[in-house]
Amino acid sequence: MIEIHRMFRAGFGEGPALVAGVADGDAAHADTVGDHLAMLSTSLHAHHEFEDSRLWDTLDARAPACALHVGRMKEQHARMLVHLEELDAALPAWRAGGRASDAAAVTTALEGIDAALAEHLPDEEEHIVPVMERVLTQDEIDEGSRHGRAATPRGKTWAQLGAILAAQPDGGAQWQRKHLPAPVRLLWRLVGRSRYEAGRAALVGPRG
C-alpha cells in the first residue's frame, strides 16, 4: 500500500505545476494533462472504494482496538471524495478548451486533494498498514492490488505502471521484482518504458 501511496503523492503533487504548464487556450495539451489527472483520480477512487467496501469492516472484526483509527480513515475518505469529485467535474471544460479560466477550478481541486492526502496517507501508514500486515492474509492484501489493476482505464496500463515505478525511491527496480512476473518485466523493457517516456514528454509539453 505504501508503494501505491507514493504514486498518489507524486502524481497529484505535481498536478498543479502540470496544469500551470499548459498555455492558455492550448486545448490539445490540456487534454493530455487532463487525461493523466483523470487516470490518477480513477485510481484513487478505486483505491478508496476497495478500502471502504472490503477493508474497514474486516479490520473492525479482527482488530477491534483499531476502531477509532478506522473511523478516522472513513472521515478522511469522505472529505477527500469532495475534492476528487470537484476535480472530476472541473476537468471536462478545461480539457475541451484549455482556457486558464477553467484551469483555476482544476488547480483548486488538486490543492484540496494534496492537502487531504498529506493528512490521510501518513495517518493510514502509521495506524492502519501495520494492523493490515498482522490480521490480513497475503491474498486479502493482494486483492487490493487486483482491484486497482481492474480499475485501470483502458490503454493506461503502461502509463500507470510507469507512474508507480517512477515514484519508488530506487526507480522501481525492487517493485518490479516483487510484483511483476518476468514476462511482464520484459515487456516493460521492450515496449512499456518507451511508451511511458513518450507520454511523460507529451505531459510536460513544450513549456517543460
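At a glance:
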quantity	calculated
Filter result (of a type in the set (Ser, Thr, Tyr), open to solvent by 10 Å² or more (accessible area, probe 1.4 Å) and within 30 Å of Gln138 (Cα to Cα)) within segment 1-50	Thr42, Ser43
Residue within segment 115-137 that is without any contact (Cβ under 8 Å) to a residue 40 or more places away in the chain, closer than 25 Å to Glu197 by Cα, open to solvent by 80 Å² or more (accessible area, probe 1.4 Å) and in a helix (DSSP H, G or I) present	no
Matching option when the condition is of a type in the set (A, V, I, L, M), free of Cβ contacts under 8 Å to residues at least 60 places away in the same chain and within 18 Å of Met132 (Cα to Cα), among Leu68, Leu55, Leu81, Leu59	Leu68
Filtered residues of segment 87-98 (kept if part of a helix (DSSP H, G or I) and either buried (at least 19 other Cβ atoms within 10 Å of the Cβ) or among the acidic types (Asp, Glu) (or both))	Leu87, Asp88, Ala90, Leu91, Trp94, Arg95
Test: residue in segment 14-22 that is over 30 Å from Asp170 (Cβ atoms), over 15 Å from the mean Cα position of the chain (by Cα) and of a type in the set (A, V, I, L, M)	yes
Some residue of segment 180-190 being modelled with pLDDT under 95, in contact with a helix residue (DSSP H, G or I) (Cβ under 8 Å, 6 or more places away or on another chain) and surrounded by fewer than 16 Cβ atoms within 10 Å (Cβ to Cβ)	yes
Unmet criterion (only one of (1) at positive phi; (2) without any contact (Cβ under 8 Å) to a residue 24 or more places away in the chain) for Ala201	(1)
Members of segment 138-152 that are open to solvent by 40 Å² or more (accessible area, probe 1.4 Å) and over 14 Å from Ile2 (Cα atoms)	Gln138, Asp139, Glu140, Glu143, Arg146, His147, Arg149, Ala150
Failed criterion for Ser101 (all others in (1) closer than 30 Å to Val22 by Cβ; (2) assigned to a helix (DSSP H, G or I); (3) open to solvent by less than 60 Å² (accessible area, probe 1.4 Å) hold)	(3)
Counted residues, segment 148-172 - those being in a helix (DSSP H, G or I) and either basic (Lys, Arg) or modelled with pLDDT of 90 or more (or both)	12
Per-region count, segment 162-179, residues under 16 Å from His5 (Cβ atoms) and surrounded by 15 or more Cβ atoms within 10 Å (Cβ to Cβ)	9
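The values are calculated or read from the model by the stated rules, or taken from the named source; none is laboratory data. It should be emphasised that the depicted structure is a prediction, and the values quoted were computed from it without experimental measurement. All Cβ positions, glycine included, derive from the backbone under ideal geometry; neighbour counts span all protein chains shown. Remember, those area values only see protein heavy atoms, side chains included, never the ligands or the DNA or RNA. Shrake-Rupley method; radii C 1.70, N 1.55, O 1.52, S 1.80 Å.
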